[in-house]
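Comments concern the structure below.
The values are calculated or read from the model by the stated rules, or taken from the named source; none is laboratory data. Since the model is a prediction, treat every value here as computed from it, not as a measurement. Every residue, glycine as well, gets a Cβ built from its backbone with ideal geometry; the counts of neighbours run over all protein chains shown.
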Amino acid sequence: MLGDDVLYLSVRELGDRIRTRQISPVELAESYLSRSETLGPRFHAYATLTRELALKQARAAQAEIAAGHYRGPLHGIPYALKDLVAVEGYPTTWGARPFATQKLGYNATIVERLNRAGSVLVGKAAMIELAGGLGYSSAHASFTGAARNPWNTKCWTCGSSSGSGAVVSAALAPWALGSDTRGSTICPAAWCGIAGMRPSFGRVSRYGAMAIAWSMDKLCPMARTADDCGLVLSVIAGHDPRDIASLPGEFPYPAPELEPKMPLRIGRLTNVWNKLDPGLDDAVNAALRVLEQNGARVSEAAIPDGPYEQVAELTIQMEAVSAFQELIESGRCSELEDPLGKINGYAGFQFTLNDYLQVQRVRTFLQERIDRLFDDYDLLATAGESSAASAIEDVDDDSEDPIEQRAPDGISSLCGLPALSVPCGFSKEHLPFGIQFIGRALNDHAVIAAARLYQEHTDWHTQRPPIADPPPA
Amino acid sequence: MLDSFSGDSERPAPPEDTTRTISRREFGRNLAVAGASLGSAGLLLGATASAEAVPAQGHKPDPALEGLAPDEAAEVESRLASIVQKYGSRLSPDQTKHLRRILAQNERLLAPVRAFPLQNGDPPSSILRISFDQPETAAQAEKS
């Protein structure tokens, strides 16, 4: 079995070792599978492990590479998929008890792409039920149990890509797929001390992935570095006629010609978050100083007025009740774990057509306002989340909280903007902090470039959570 | 994509601060009007829900509705009545109360959206696509 020093390598480093035959894909898959079987249950990281498929794919990759046919940077690289993506022959539970035995008889587009790249699927990561589509109020809103943070198992990983965050943080796989409708990748990335990227809306096909809100859902790479997010995105992104929102073309990476010219113009957001952990605020400022020292120009930026959070939240609620109409109508929503999820759909049914159209008409203006902000900045920067990881037992009932007027995830998700969170320090309790970079719609290369530049000059992403080595097999 | 949006620079500015605060006294006054305007919607509620929706004179107003304007509070009760009428047999009393809080929060979300100035030609962000690609079969994709 390979040790931690190998299993914590980035996708790029593992790929180089596979390409030069220093590591065998079968040995790598066996090592991650063994670690996942041993440590996965500790973190409630997986819904399903796919050992048989992983070893079949790893053997195929090994044979091809030995024969001189190297497919590219993900060839022979293990990964995990959030369990809302269809994989033929395996359950796709959507994290929810009513779908615990659901099997979809086809592969999602993203799975087809990863199969063509020669990737190795080790498992399907646990998640918040329905990715929070009908609302949820605690970490326990998953039929596989609350995901536990590898940095402190009394803390949560955040959601809804809760298992994907744990998988990467604990090196159960070098990267995992998450999804993000409003913050479901950025928050777990920040809390788990890893890189998580939400691509521009439409960049990655969602065909075969569970829908919450068709106009806001994105599939997202979560990995050890920003550079890895770019590598993975170059494989999973690309036009797909089966997803009506799919953007044209592929996503080349690396592509220096598509990155913003230095100096990077970064706007440090000054009027987001109702309450921000002071230590985290300091960590973000320190991170921006690192970027300034390396050629970026940082100034203050403010989000213009507007009901961003309201429009984002309402869009999700309104589209989700349509996406899950059958579940709600049948009454099987009562089988969900979360008290909010059990009933929220009934409230959602009460929105009118006019409510929906009004929300979508206002959204058009908000998009334009935010887009204009990028005339002055290549990127906006702020904390990945407003604090470090919260305790597993914390309850946060969205239906009663004060409305966070300018939560960055609401704004950027609503407008389809790319964002990337990377670790930038630790709290007093030694829990990771994250900084996120938000780019203009379609400018995914800018967020990768900024986060990569930061990681070239810092080592937060190389820190490992305090996990004892698994016992020898 | 964003280039096609119509500009809003000449539009009247929307309300600067969309978070409204309201005193308890105002709240009580508003609720009295809301109760009066419930009309037949209130009658649709089951006995328990109905009693909760319209506090009798001298009773404390439902804190779930705090901060809502009378027409908003009325809409909460109307929508709750509709839910109870259709799905009431599935709901416990606690869930019915929870739904009122959810509906009230939805009203707070809707308020600044409804107040946003829009004109006849302002379109929704959802638009109709009039051309579609030919679906690629898995076999074709495998070849490419």
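Collect the residues in region B:63-90 that are within 7 Å of chain A (Cβ to nearest Cβ) and either farther than 23 Å from residue A:354 by Cα or of a type in the set (Ser, Thr, Tyr) (or both), keeping them in residue-number order.
Residues of region B:63-90 within 7 Å of chain A (Cβ to nearest Cβ): B:79, B:82-83, B:87, B:90.
Of everything in region B:63-90, those that are within 7 Å of chain A (Cβ to nearest Cβ) and either farther than 23 Å from residue A:354 by Cα or of a type in the set (Ser, Thr, Tyr) (or both) turn out to be B:82, B:87, B:90.
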- Query: Counting just the residues of region A:1-60 that are polar (S, T, N, Q) and over 22 Å from the mean Cα position of the chain (by Cα), which one comes out surrounded by the most Cβ atoms within 10 Å (Cβ to Cβ)?
  - Reply: A:57
- Query: residue A:72: without any contact (Cβ under 8 Å) to a residue 12 or more places away in the chain and not hydroxyl-bearing (Ser, Thr, Tyr), yes or no?
  - Reply: no
- Do the conditions hold for residue B:100, that is, is it at pLDDT 95 or above, facing chain A (nearest Cβ under 7 Å), within 18 Å of the chain's Cα centre (by Cα) and in a helix (DSSP H, G or I)? no
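For the structure I just gave you, tell me whether residue A:124 is more than 25 Å from residue A:42 (Cβ to Cβ), in contact with a Pro (Cβ under 8 Å, 6 or more places away or on another chain) and not hydrophobic (A, V, I, L, M, F, W, C). Can you show your working first?
On the way: more than 25 Å from residue A:42 (Cβ to Cβ): no; in contact with a Pro (Cβ under 8 Å, 6 or more places away or on another chain): yes; not hydrophobic (A, V, I, L, M, F, W, C): yes.
No; evaluated as a whole, the condition is false for this residue.
Kindly establish whether residue A:332 is more than 30 Å from residue A:450 (Cα to Cα) and of a type in the set (Lys, Arg). Break it down into steps so the answer makes sense when it comes.
Numbers: more than 30 Å from residue A:450 (Cα to Cα): yes; of a type in the set (Lys, Arg): yes.
Considered against the rule, which asks whether it is more than 30 Å from residue A:450 (Cα to Cα) and of a type in the set (Lys, Arg), residue A:332 comes out as yes.
Scanning for something in a helix (DSSP H, G or I) and of a type outside the set (Asp, Glu), does region A:146-157 turn up at least one residue?
Scanning region A:146-157, I find no residue that is in a helix (DSSP H, G or I) and of a type outside the set (Asp, Glu), so the answer is no.
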- Counted residues in region A:93-120 being surrounded by 23 or more Cβ atoms within 10 Å (Cβ to Cβ) and either away from chain B (no Cβ under 14 Å) or over 19 Å from residue A:29 (Cβ atoms) (or both) come to 9
- Query: Mind checking which pairs have a first residue in region A:245-267 that is farther than 16 Å from residue A:420 by Cα and a second that is modelled with pLDDT under 95 and among the hydrophobic types (A, V, I, L, M, F, W, C), Cβ under 9 Å, 6 or more apart or different chains?
  - Reply: A:252/A:258
- Task: Name the one entry in A:337, A:368 that is without any contact (Cβ under 8 Å) to a residue 40 or more places away in the chain, charged (D, E, K, R), surrounded by fewer than 24 Cβ atoms within 10 Å (Cβ to Cβ) and touching an Asp or Glu at 6+ places or on another chain (Cβ under 9 Å).
- Result: A:368
- Message: If I filter region A:382-394 for residues that are over 22 Å from the mean Cα position of the chain (by Cα) and more than 24 Å from residue B:78 (Cβ to Cβ), do I get at least one hit?
- Response: yes
- Filter region B:103-128 down to residues that are within 30 Å of residue A:244 (Cβ to Cβ) and more than 9 Å from chain A (Cβ to nearest Cβ) and give me whichever is surrounded by the most Cβ atoms within 10 Å (Cβ to Cβ). B:127
- Considering only helices (runs of 4 or more DSSP H) fully contained in region A:322-412, which possess at least 2 residues that are more than 10 Å from chain B (Cβ to nearest Cβ) and at pLDDT 95 or above? A:325-330, A:353-373
- Hey, does region A:235-242 have a residue that's in contact (Cβ under 8 Å) with a residue 40 or more places away in the chain, more than 29 Å from residue A:360 (Cβ to Cβ) and touching a Leu at 6+ places or on another chain (Cβ under 9 Å)? yes
- Query: Hey, does region A:176-183 have a residue that's among the hydrophobic types (A, V, I, L, M, F, W, C), in contact (Cβ under 8 Å) with a residue 40 or more places away in the chain and either closer than 16 Å to residue A:81 by Cβ or surrounded by fewer than 24 Cβ atoms within 10 Å (Cβ to Cβ) (or both)?
  - Reply: yes
- Apart from one, (1) within 14 Å of chain B (Cβ to nearest Cβ); (2) assigned to a loop (DSSP other than H, G, I, E, B) all hold for residue A:127; the odd one out is (1)
- In region B:111-144, residue farthest from residue B:70 (Cα to Cα) [restricted to those that are outside any loop (DSSP other than H, G, I, E, B), at pLDDT 70 or above and of a type in the set (Gly, Ala, Ser)]: B:115
- Query: Can you name every residue in region A:228-250 that is crowded, with 23+ Cβ neighbours inside 10 Å and either on the phi > 0 side of the Ramachandran plot or more than 10 Å from chain B (Cβ to nearest Cβ) (or both)?
  - Reply: A:228, A:229, A:230, A:231, A:232, A:233, A:235, A:236, A:237
- Query: Inside region A:293-318, can you point out the residues that are on the phi > 0 side of the Ramachandran plot and within 14 Å of another protein chain (Cβ to nearest Cβ)?
  - Reply: A:306
- Query: In region A:188-200, is there at least one residue being in a loop (DSSP other than H, G, I, E, B) and either farther than 25 Å from residue A:406 by Cβ or of a type in the set (A, V, I, L, M) (or both)?
  - Reply: yes
- Query: Looking at (1) at the interface with chain A (Cβ under 9 Å from one of its Cβ atoms); (2) at pLDDT below 95, can you tell me which one residue B:43 breaks?
  - Reply: (1)
- Query: Identify, please: which residue in region A:130-145 is more than 14 Å from chain B (Cβ to nearest Cβ) and part of a loop (DSSP other than H, G, I, E, B) and is, among those, surrounded by the fewest Cβ atoms within 10 Å (Cβ to Cβ)?
  - Reply: A:145
